[in-house]
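Written below as structure tokens is the structure these notes are about.
The values are calculated or read from the model by the stated rules, or taken from the named source; none is laboratory data. Predicted, not measured: the structure shown is a model, and the values here were computed from it. Cβ atoms come from the backbone with ideal geometry, glycine included; neighbour counts cover every protein chain shown.
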Amino acid sequence: MLPDGTARPAVNTIIGNWPAPAPGKPSLLSHQDVLVFFHEFGHNVAALCADTPYETLNNGYRQDFVEAPSQMLENFVWDPAILKKITSNAATGEPIRQLTLDPTSDYQPTGAPKGPQRKSSKP
């Protein structure tokens, strides 16, 4: 809140190290690039929803929650139905008919278990 009682909305940007386009061509993002964009956009969404009297590095969220919006948005880039809506053939603009994600990839959405999980008895 500002001293006069009005709220100042958050101002956020995403500055990424995206691939440079070839002359006369669009910049093409890899699946990993899109994943990073959605993750960073999650931080922006969290900042827009924050209601704290002072700007802080964690936007007033508890430290264990600060990554939650980003991790939730990351899940969208693993959903073929969503990918069909946000991707297209760069040359024709046509939707990509068959999207394949390698389910054996070592990379999985953040926090996704990679096998049976046990709770540690250690504090």
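Here are some notes:
- Scanning region 61-80 for residues being more than 14 Å from the chain's Cα centre (by Cα) and either assigned to a loop (DSSP other than H, G, I, E, B) or modelled with pLDDT of 85 or more (or both) gives a total of 5.
For (1) part of a loop (DSSP other than H, G, I, E, B); (2) in contact with a strand residue (DSSP E or B) (Cβ under 9 Å, 6 or more places away or on another chain); (3) of a type in the set (Val, Ile, Thr), each residue gets a yes or a no:
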residue	(1), (2), (3)
Gly16	yes, no, no
Ala22	yes, no, no
Leu28	yes, no, no
Gln32	no, no, no
Gly42	no, no, no
Val45	no, no, yes
Leu48	no, no, no
